[in-house]
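Chemist: Got a structure for you, questions after.
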Amino acid sequence: MVRTLDSVSRVGVVGAGTMGSGIAQVAATAGYDVVMRDVEQAYIDDGFDTIDDSLDRLVARDALNESDAERARERIVGTTDLADLAGCDLIVEAVVENMDIKQDVFAELDTLVDADVVLGTNTSTLSITRIAAATGTPGRVVGLHFMNPVPVMDGVEVVVGEQTGTGAVDLAHNFAAELDKETWEADDKPGFVTNRILMPWLNEGIRAFDEGVATKEDIDRGMRLGTNVPMGPLELADHVGLDVVLHASETLAEELGDRYRPAYLLRRKVDAGHLGKKSGQGFYEYD
Ligand code: 3HC
């Protein structure tokens, strides 16, 4: 038996990057106390800057009132010590997409938090089952895959591993609903629903650009106007991070074969350190 939503008041978030800080923010905005952990204080400071900026934007457009934003900010505590997550009632991990690192984190969490605390992972393409195998309690490990930018995206993908128990799945859906997000469920297969379908779309946009089908602006414009998506493939790849797209594509290609092979130009951009919005340059340039 795992803890149900009623007994969740403190949420531990492992990782204060784009996704971790976004998850911490939406959990705090929903009224949860949050402990946000990263390995260095500088990453935590960056995470709080991202949260402050996002809360300001929500207040500026009346999506949140100022006192609620202040209260949300006060509910988040930063730490570099994983042991500070010991009293949490639910954990969401959002560290770098590296299986060894995730397994180390889960092995440590497994001994640190109470045995009935659900351990969620925000992995975008890695196997939930393999992450869970690092614990002695795989039944409580579930995929809680948030979308970027977390504070404005409406959906969360719940991913069910080979040994994930129904209690953990139920809590994942209920917790996401409490954050005002809608959910869908995917089996633990490479890329789940979203990235299995999104990654080839992004790579095909990059290939189309590389092969001179159209300018990058017209590829994005064509897909925006032609299919009513908010961003075309090149701008969305920049938004997600070209390193993230490359890593996800490589993982998918390893499991599903050549049709997921990353575009040549994607790898070249990442090799050049052009990672998209976060590095100031990707397919486009950013301030
Ligand atoms: N926090 C708070 N508010 C934010 C925000 C943030 N992080 N980012 C954007 N906003 C707000 C803006 O303030 C703006 O508010 P306004 O409309 O009242 O002015 C509104 O959202 C729209 O923002 P912008 O004007 O800057 O730009 P857009 O209209 O293009 O919206 C977007 C930005 C919400 C990112 C939109 O373009 C979009 O939905 N893009 C698609 C994003 C997407 O597909 N994400 C999923 C990627 S896949 C993924 O995450 C999975 C992973 O595993 C790879």
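Read-outs throughout are calculated quantities, based only on the coordinates presented, and are distinct from any laboratory measurement. Keep in mind it's a predicted model, so treat the numbers as computed, not measured. Heads up, the Cβs are rebuilt from the backbone with ideal geometry, glycines too, and the neighbour counts pull from every protein chain shown.
Chemist: Roughly how many nanometres apart are two label points built 7 Å out from the Cα toward the Cβ at residue 100 and residue 153?
Modeler: Going by the 7 Å Cα→Cβ label model, 2.8 nm.
Chemist: Then there's this: Mean Kyte-Doolittle hydropathy of 0.5 or higher plus an axial Cα length of 15 Å or more: which whole DSSP H helices in the chain meet both?
Modeler: Numbers: long enough: 18-29 (16 Å, 0.79); 41-60 (28 Å, -0.25); 99-112 (19 Å, 0.05); 166-178 (18 Å, 0.25); 194-210 (24 Å, -0.21); 216-227 (16 Å, -1.22); 242-256 (20 Å, 0.57).
Flagged H segments are 18-29, 242-256.
Chemist: Which residues' amide hydrogens lie under 5 Å from the amide hydrogen of residue 183, considering only partners 5 or more residues apart or on another chain, with H built in the peptide plane?
Modeler: 156
Chemist: So, by mean Cβ neighbours within 10 angstrom, what's the order for 139-146, 238-245 with the highest one leading? Intermediate values should be presented prior to the final figure.
Modeler: Working: 139-146: 26.4, 238-245: 24.5.
Put in order of decreasing packing, that is 139-146, 238-245.
Chemist: Short version: ³J(HN,Hα) in whole Hz for each residue of segment 155-161, in order, from phi by Karplus 6.51 cos²θ - 1.76 cosθ + 1.60 (θ = phi - 60°), x for Gly and Pro, what are they?
Modeler: With coefficients 6.51, -1.76 and 1.60, one gets x, 9, 8, 9, 10, 9, x Hz.
Chemist: Let me ask another. Share of Cα-Cα pairs in segment 79-157 beyond 20 Å, in percent?
Modeler: Values: 879 of 3081 pairs.
Looking at segment 79-157, the distances longer than 20 Å represent 29 percent of pairs.
Chemist: In addition: How big is the Kirkwood radius of segment 116-213, worked out from every pair of different alpha carbons and given in Å to one decimal?
Modeler: Numbers: mean 1/r = 0.0704 Å⁻¹.
About 14.2 Å for segment 116-213.
Chemist: Pairs 216/278; 216/269; 181/278; 102/189: which are spaced more than 21 Å apart, C-alpha to C-alpha?
Modeler: Too far apart for the 21 Å limit: 181/278.
Chemist: Right, here's the next one. If the label point is 7 Å along Cα→Cβ of residue 45, which residues in segment 57-84 have backbone nitrogen under 16 Å from it?
Modeler: Correct set: 78-80.
Chemist: Can you run phi through the Karplus equation (6.51, -1.76, 1.60; θ = phi - 60°) for segment 141-146 and list ³J(HN,Hα) in whole Hz, with x for Gly and Pro?
Modeler: 3J(HN,Hα) across segment 141-146, in whole Hz: 9, 9, x, 10, 9, 7.
Chemist: If you don't mind, another one. For segment 16-119, what percent of Cα pairs sit more than 15 Å apart?
Modeler: Working: 3343 of 5356 pairs.
The answer is 62 percent, as a whole percent.
Chemist: Report the FRET efficiency, 1/(1 + (r/R0)^6), for residue 114 and residue 60, where r is their Cβ-Cβ distance and R0 is 45 Å, rounded to 0.05.
Modeler: Numbers: r = 40 Å, r/R0 = 0.88.
Working from the Cβ atoms, E equals 0.70.
Chemist: A follow-up question, please. Counting each pair of different Cα atoms once, what's the Kirkwood radius of the chain in Å, rounded to one decimal?
Modeler: Values: mean 1/r = 0.0516 Å⁻¹.
Taking the inverse mean of 1/r over all distinct Cα pairs, the chain comes out at 19.4 Å.
Chemist: For segment 194-278, what are the per-bin percents of Cα-Cα distances with bins 10 Å wide, up to the bin holding the maximum?
Modeler: Per 10 Å bin, starting at zero, the Cα-Cα P(r) for segment 194-278 comes out as 19, 54, 26, 1 percent.
Chemist: Based solely on C-alpha atoms, express the radius of gyration and the Dmax of segment 146-287 in angstrom.
Modeler: Every Cα atom of segment 146-287 included, Rg and Dmax give 16.4, 50 Å.
Chemist: While we're here: So, by mean Cβ neighbours within 10 angstrom, what's the order for 125-134, 54-63 with the highest one leading? Before the final figure, lay out the partial values.
Modeler: Numbers: 125-134: 21.0, 54-63: 14.1.
Ranked from most to least packed, the peptides come out as 125-134, 54-63.
Chemist: Further, regarding this structure: In whole Å, what is the distance between the alpha-carbon centres of segment 28-50 and segment 125-203?
Modeler: Taking the Cα centre of segment 125-203 as reference, the centre of segment 28-50 is 21 Å away.
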